[in-house]
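Following: one structure in structure tokens, then a few remarks.
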Ligand SMILES: Cc1cc2nc3c(=O)[nH]c(=O)nc-3n(C[C@H](O)[C@H](O)[C@H](O)COP(=O)(O)OP(=O)(O)OC[C@H]3O[C@@H](n4cnc5c(N)ncnc54)[C@H](O)[C@@H]3O)c2cc1C
């Protein structure tokens, strides 16, 4: 789903005008200052906003994370030195193409090869795809921007690849409406909070898109964090920093271990898909398909990963259920 559409749902989905008036788009965080009983967020456009906490869901390049680490360092906590670096081992060329009439609608196709793989699906109007390639050298340069020549080289390197049984990559590329080549980041932060600042989403857990779980993982963090905050507020509408930190610590400890499992699955999946070693090829393309069908694998993932997901524990109501019922753990 395009971010613009998601934003429209979130902004439009609140209980009324009051919610809309509280959402400010296009407001960049410049700095965060701890005040006596709260936080002051300085904006890039000038001015500031006062609040009780900051939740940094500002992505892999998180400014909130940088500021949080700096605030901890200033207070004598050795945060950033304890963090493993975020590393890019893979590139992805992703984008959208016009529907090519001969291709199958509704199925998800994945092609594997040495140090490269592709994922693509089509609906009646469009095709969405991601083409992965292992970098010759891993990098910690998170903001790598690819030039036109580098994109052209990437496209050329896939000229012999079939992305669907009857669709070659060059044919897909001819029909593209837009494409983007970026590095994929892999990493898991040790520290998810400091004082009244707390992280969620890609700002604290990064993985490649190989298993498509980044958004889900981020949403899981958001749900658990909201549950913890709601519990604190139901006991004390104006909690002090220590009380909030205890809730954030519980959140961090639970979600970091859950995210570690998801990040590991994603890390293994991209290495299997791109035949990172003889063993990963053998496991991914010989043993797994022999042991279990794709349908059974997805059902197992649904059973083990999704159905036990965190839910808002303070909202009464019937959860919509599909073939796989929800469980409360
Ligand atoms: C090609 C590709 C395919 C993917 N496919 C899938 C998939 O199929 N399924 C899946 O679950 N995940 C997928 N992911 C991963 C998913 O996109 C991310 O995990 C998810 O978007 C992370 O959400 P987030 O809110 O943490 O960060 P983001 O989506 O990066 O959002 C961060 C927000 O913070 C804002 N921001 C940044 N800096 C500042 C600042 N200084 N001040 C204020 N605001 C700021 C940004 O503008 C942005 O709106 C994919 C990722 C890629 C790159």
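Check every one of the helices (runs of 4 or more DSSP H) wholly within the range 1-78 and list those with 1 or more residues that are exposed (fewer than 11 other Cβ atoms within 10 Å of the Cβ), within 11 Å of the ligand (Cβ to nearest atom) and not assigned by TED's automatic domain parsing to the domain that holds residue 229.
Output list reads 3-12.
From 249, 242, 258, grab the single residue that is modelled with pLDDT of 90 or more and in contact with a helix residue (DSSP H, G or I) (Cβ under 8 Å, 6 or more places away or on another chain).
Result: 258 is the single residue among 249, 242, 258 that is modelled with pLDDT of 90 or more and in contact with a helix residue (DSSP H, G or I) (Cβ under 8 Å, 6 or more places away or on another chain).
Evaluate the following for residue 195: is it at pLDDT 95 or above and on the phi > 0 side of the Ramachandran plot? Give the steps one after another, and end with the answer.
Details: at pLDDT 95 or above: yes; on the phi > 0 side of the Ramachandran plot: yes.
It is true that residue 195 is at pLDDT 95 or above and on the phi > 0 side of the Ramachandran plot.
Among the residues of the range 275-329, which ones are touching a residue at least 24 places away in the same chain (Cβ under 8 Å) and within 30 Å of residue 235 (Cα to Cα)?
If the condition is that a residue be touching a residue at least 24 places away in the same chain (Cβ under 8 Å) and within 30 Å of residue 235 (Cα to Cα), then 309, 310, 311, 312, 313, 314 are the ones that fit.
I want to confirm something. Restricting to the range 103-136 and keeping residues that are within 16 Å of the ligand (Cβ to nearest atom) and in contact with a helix residue (DSSP H, G or I) (Cβ under 6 Å, 6 or more places away or on another chain), which single residue is nearest to residue 179 (Cα to Cα)?
130
Yes or no: the range 137-160 includes at least one residue that is part of a loop (DSSP other than H, G, I, E, B), within 16 Å of the ligand (Cβ to nearest atom) and more than 25 Å from the chain's Cα centre (by Cα).
yes
Return the residues of the range 231-271 that are without any contact (Cβ under 8 Å) to a residue 40 or more places away in the chain and under 30 Å from residue 114 (Cβ atoms); say none if nothing qualifies.
Those that are without any contact (Cβ under 8 Å) to a residue 40 or more places away in the chain and under 30 Å from residue 114 (Cβ atoms): 261, 264, 268, 271.
Across the range 285-313, what is the number of residues that are closer than 19 Å to residue 222 by Cβ and surrounded by fewer than 11 Cβ atoms within 10 Å (Cβ to Cβ)?
Number satisfying all stated conditions: 0.
Just for the range 203-239: of the residues that are surrounded by 19 or more Cβ atoms within 10 Å (Cβ to Cβ), within 9 Å of the ligand (Cβ to nearest atom) and outside any helix (DSSP H, G or I), which one is modelled with the lowest pLDDT?
Filtering first and then ranking leaves 213.
With the requirement that a residue be under 27 Å from the mean Cα position of the chain (by Cα) and over 17 Å from residue 265 (Cβ atoms), what does the range 290-299 give you?
293, 295
The values are calculated or read from the model by the stated rules, or taken from the named source; none is laboratory data. Please read all numbers here as calculations on a predicted model, not as lab measurements. Note that we place each Cβ from the backbone using ideal geometry, even for glycine, and neighbour counts take in every protein chain shown.
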